[in-house]
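The values are calculated or read from the model by the stated rules, or taken from the named source; none is laboratory data. Worth saying up front: this structure is predicted, and the values here are computed from it rather than measured. We place every Cβ from the backbone using ideal geometry, glycine too, and count neighbours over all the protein chains shown. All accessible areas refer to the heavy atoms of the entire protein, side chains included, with ligands and DNA or RNA removed. Shrake-Rupley method; radii C 1.70, N 1.55, O 1.52, S 1.80 Å.
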Amino acid sequence: MAEIVVKESGLSTSIQDLGRFGYLSEGIPISGCMDRLAAERANLLVGNSNDAALIEWTVLPPKLIFSAPTYIACSGNTINVIVNNFEFGCDTSIYISSGAEVSLRPAQNEIYGYISVRGGVQTPKVLGSRSWFSGITDQFMVKKGITLPYHAITNKIQLNSAIKFKLRSVSSFIKVYKGPEFNLLSIEQQKSITALAFSTSQLRDRMGVQLVNDFDPHTHSILSSPLLPGTVQWTPSGKLIVLMRNAQTIGGYPRILQLAVEAISAIAQLPQGALFHFKWVV
């Protein structure tokens, strides 16, 4: 088995796939890639299935050394990939020779980036997924000096490196459905939820994103109920919290909105302070 040596870990770097399904009743979050669309794009470029495990990083990318030949692709928060001092564009497949050092130049308008490897990163599967999560997998964060296993290729292969993707600009609309407790909102509140402009705060991680611009405070309480990635909770103080991939599985705040699948990826990538409106899925 070939190995990727982590020369620099980057920020909040981990191994993720599409997530760990079927264990919410046991209190185990789904996890998985924060920007599923960017991750699937990176996997497609090296001929992987959508659920192949890959490297996810946040804002500051890692530096890696590959022990054997393979193909990689980078997507998300990346403008250029540097392999042994040669620079390549993002969203293309890149041949990597033995001993090659890979670093990245991050963009400024997105949060998460992805590095796919031909055949996927081969860290152990736990409960059907390779997604790292504290308390479930032995590791939950990539650290300097560790190694990540992958399958080397023995011959160069033909990959469709010219796949063209539509560039995703920072969206001013986040598509949502009505949540289970939407009717706890007054008629005026129901109207204002799509009229108000919100933005993401610095209080964000893989578990959730707190929004700036408070909604109305309230005194409603509900029985603790199931939660999913994309659920928007309405706290008594008026704060809105968008739950992300590592969301807890149960909670007692009203669930007033539920993000559409693609909207979870979109809000994960919104930089702090970027304004948006909620928009109903039609």
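Quick rundown of the values:
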item	result
Test: Leu37 is open to solvent by 20 Å² or more (accessible area, probe 1.4 Å), aliphatic (A, V, I, L, M) and at pLDDT 95 or above	no
Among (1) within 29 Å of the chain's Cα centre (by Cα); (2) in contact (Cβ under 8 Å) with a residue 24 or more places away in the chain; (3) farther than 30 Å from Ser14 by Cα; (4) surrounded by fewer than 17 Cβ atoms within 10 Å (Cβ to Cβ), the one test that Ser221 misses	(1)
Answer from Thr78, Thr92 - the residue that is touching a Gly at 6+ places or on another chain (Cβ under 8 Å) and among the hydroxyl-bearing types (Ser, Thr, Tyr)	Thr78
Tabulated pairs, the range 128-152, first in a strand (DSSP E or B), second open to solvent by 50 Å² or more (accessible area, probe 1.4 Å), C-beta under 7 angstrom, 6+ apart or interchain	Ser134/Phe140; Thr147/Glu3; Thr147/Val5; Leu148/Glu3; Pro149/Met1; Pro149/Glu3
Single condition Asp205 does not satisfy, out of (1) open to solvent by 60 Å² or more (accessible area, probe 1.4 Å); (2) without any contact (Cβ under 8 Å) to a residue 24 or more places away in the chain	(2)
Qualifying positions in the range 248-281 - open to solvent by 10 Å² or more (accessible area, probe 1.4 Å) and in a loop (DSSP other than H, G, I, E, B)	Gln248, Thr249, Gly252, Tyr253, Pro271, Gln272, Gly273, Ala274, Val281
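One line per residue, one yes/no per condition, for (1) within 21 Å of Leu259 (Cβ to Cβ); (2) of a type outside the set (A, V, I, L, M, F, W, C); (3) open to solvent by 30 Å² or more (accessible area, probe 1.4 Å); (4) at pLDDT 95 or above:
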position	(1), (2), (3), (4)
Glu8	no, yes, yes, yes
Leu18	yes, no, yes, yes
Ile30	yes, no, no, yes
Cys33	yes, no, no, yes
Leu54	no, no, no, yes
Asn80	no, yes, yes, no
Glu101	no, yes, yes, yes
